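Okay, so here's the structure we're looking at.
The values are calculated or read from the model by the stated rules, or taken from the named source; none is laboratory data. Not measured: the values here are computed from a predicted model. Positions of Cβ are backbone-derived with ideal geometry, glycine not excepted, and every protein chain shown enters the neighbour counts.
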Amino acid sequence: MKKNIALILAAALVLPTVIAAGGCGANSGVSSSAEATAENPMVLTLAHGLSETHTVHIAMTQFADEVKEKTDGRIIINIFPNGQLGSETENLEQLQAGVIAMTKVSAPGLATYNEAYNTFGLPYIFNDTEDFYDIMDSEDMQDFFLSSEEDGFVTITYFTSGARSFYTKDKAIRVPEDLKGLKIRVQDMKSQTDMLTALGGTPVAMSYGDVYTALSTGIIDGTENNETALTTGKHGEVCKVYSVDQHAMIPDVMVMSAKVWNNIAPEDQEIILQCAHDATEWHKEAWDQAVDEAITEAEDMGVEFVYDVDKEAFREATAGMIDEYREEYPGVADLLDRIDGIREEEE
């Protein structure tokens, strides 16, 4: 019932745009970009849960503007931010149902439709930021992103959300043993709860919006996220020790309905992919600046950044978990092998 209500509300919010363009469904106006003109464009709806000030929203706005410019107004992308059309999960359901054309989600959220996307929630699959970019920007990864049409979507591009590390009120986490007895908030995804269990801590899955209160009241002892959460989420007011273990690099991804994608002419698909690539490149620089500013602001809040973390100990503690995912999910095994192959080619 809740899912049906979300779909109905999303359709109701999108409907005015659809009617104005003279069409229906996830894309409006004409049904194919080959038929589109500036006077009668193909109009696509992109929904997500971020605010207008978030770097990813700004990058997607630039993407939409560039697509409009390079298609001479034949393809218009209307963006609905702030969760206007529902949560990430609801947006994915709406995309599959044909209510919206595009959305932005955390990559592991796609595992419901393609198990290989569980890979992006696993710890230490990337060595560092440079390795992350080399792999994510590779032609092989692009091929993977566009290979999921049978699952109802294709991934147009990714946006970094940095490296996630543990932070607590007053205890440094230098080795996995330091997590023993601590209740740590994690994202509500199996890979994250499995990771913390493997490291010896007690995982507490909860929404991001509840973390500050949970930290303040002692419901949890700490959490994990990138550096910007210390300032944008004000977690640095409570947590004063940020241990840079960088256990996960979970990208955001921008996805499009496969049905919509197949109604876009090949030359327009190339334009969309190039505009998406440009948005990703812009976002890299914007993200680095946001992290630098967050570290400076957090230090002014009294947060200590601990860098002498034994990352190898964390890798070893979670190696068995990754082996289990390889065995349980053939798609994960295939993507991990693909990542290893990309890395070997780079070398």
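Filtering segment 186-210 down to residues that are in contact with a Leu (Cβ under 8 Å, 6 or more places away or on another chain) and in a strand (DSSP E or B), which residue is surrounded by the most Cβ atoms within 10 Å (Cβ to Cβ)? By that ranking, first place goes to VAL186. Only one of the numbered conditions (1) touching an Asp or Glu at 6+ places or on another chain (Cβ under 8 Å); (2) buried (at least 18 other Cβ atoms within 10 Å of the Cβ) is not met by GLY331, and that is (2). When we screen ASP278, ASP245, ASP268, ASP288 for residues that are part of a helix (DSSP H, G or I) and farther than 24 Å from MET102 by Cβ, the only hit is ASP288. When we screen ALA205, ALA248 for residues that are touching a strand residue (DSSP E or B) at 6+ places or on another chain (Cβ under 8 Å) and more than 25 Å from THR157 (Cα to Cα), the only hit is ALA205.
Take the residues of segment 98-129 that are assigned to a loop (DSSP other than H, G, I, E, B) and not hydrophobic (A, V, I, L, M, F, W, C): which is nearest to TRP261 (Cα to Cα)? Going through the qualifying residues, I end up with GLY98. The requirement of being more than 22 Å from ASP300 (Cβ to Cβ) and crowded, with 24+ Cβ neighbours inside 10 Å is fulfilled nowhere in segment 226-241; no residue meets it.
For segment 95-122, the set of residues classified as over 24 Å from THR53 (Cβ atoms), of a type in the set (S, T, N, Q) and modelled with pLDDT of 95 or more consists of ASN114, ASN118, THR119, listed by residue number.
Restricting segment 47-88 to residues that are small (Gly, Ala, Ser) and out of contact with any Gly (no Cβ under 6 Å at 6 or more places or on another chain), the residue that is surrounded by the fewest Cβ atoms within 10 Å (Cβ to Cβ) is SER51. Comparison of LEU95, LEU85 shows that the only residue that is in a loop (DSSP other than H, G, I, E, B) and in contact (Cβ under 8 Å) with a residue 40 or more places away in the chain is LEU85. Here HIS57 clears all of (1) in contact with a Ser or Thr (Cβ under 7 Å, 6 or more places away or on another chain); (2) part of a helix (DSSP H, G or I); (3) closer than 17 Å to SER257 by Cβ except the condition numbered (3). Annotation: of all residues in segment 222-239 being in a helix (DSSP H, G or I) and of a type in the set (A, V, I, L, M, F, W, C), the one that is nearest to the chain's Cα centre (by Cα) is ALA229. Tell me, please, whether a residue that is under 17 Å from the mean Cα position of the chain (by Cα), assigned to a loop (DSSP other than H, G, I, E, B) and more than 21 Å from MET249 (Cβ to Cβ) can be found in segment 133-143. No; the residues of segment 133-143 include none that is under 17 Å from the mean Cα position of the chain (by Cα), assigned to a loop (DSSP other than H, G, I, E, B) and more than 21 Å from MET249 (Cβ to Cβ).
If you take the residues of segment 296-320 that are under 24 Å from the mean Cα position of the chain (by Cα) and surrounded by 17 or more Cβ atoms within 10 Å (Cβ to Cβ), which of them is nearest to SER191 (Cα to Cα)? If we take residues in segment 296-320 being under 24 Å from the mean Cα position of the chain (by Cα) and surrounded by 17 or more Cβ atoms within 10 Å (Cβ to Cβ), then THR318 is nearest to SER191 (Cα to Cα). When the residues of segment 89-135 are filtered to those that are β-branched (Val, Ile, Thr) and surrounded by 24 or more Cβ atoms within 10 Å (Cβ to Cβ), the one that is farthest from ILE264 (Cα to Cα) is THR119. Annotation: of all residues in segment 146-170 being touching a residue at least 40 places away in the same chain (Cβ under 8 Å) and among the hydrophobic types (A, V, I, L, M, F, W, C), the one that is surrounded by the most Cβ atoms within 10 Å (Cβ to Cβ) is PHE166.
Every residue, every condition in (1) closer than 27 Å to GLY152 by Cα; (2) in a helix (DSSP H, G or I); (3) of a type outside the set (A, V, I, L, M, F, W, C); (4) without any contact (Cβ under 8 Å) to a residue 40 or more places away in the chain, yes or no:
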| position | (1), (2), (3), (4) |
| --- | --- |
| VAL253 | yes, no, no, no |
| LYS259 | yes, yes, yes, no |
| PHE305 | no, no, no, no |
| ARG315 | no, yes, yes, no |
| ARG326 | yes, yes, yes, yes |
| GLY331 | yes, yes, yes, no |
| ASP334 | yes, yes, yes, no |
| GLY341 | yes, yes, yes, no |
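Across segment 197-228, which residue is nearest to THR119 (Cα to Cα) among those that are touching a residue at least 24 places away in the same chain (Cβ under 8 Å) and among the aliphatic types (A, V, I, L, M)? Taking the candidates together, the pick is ALA198.
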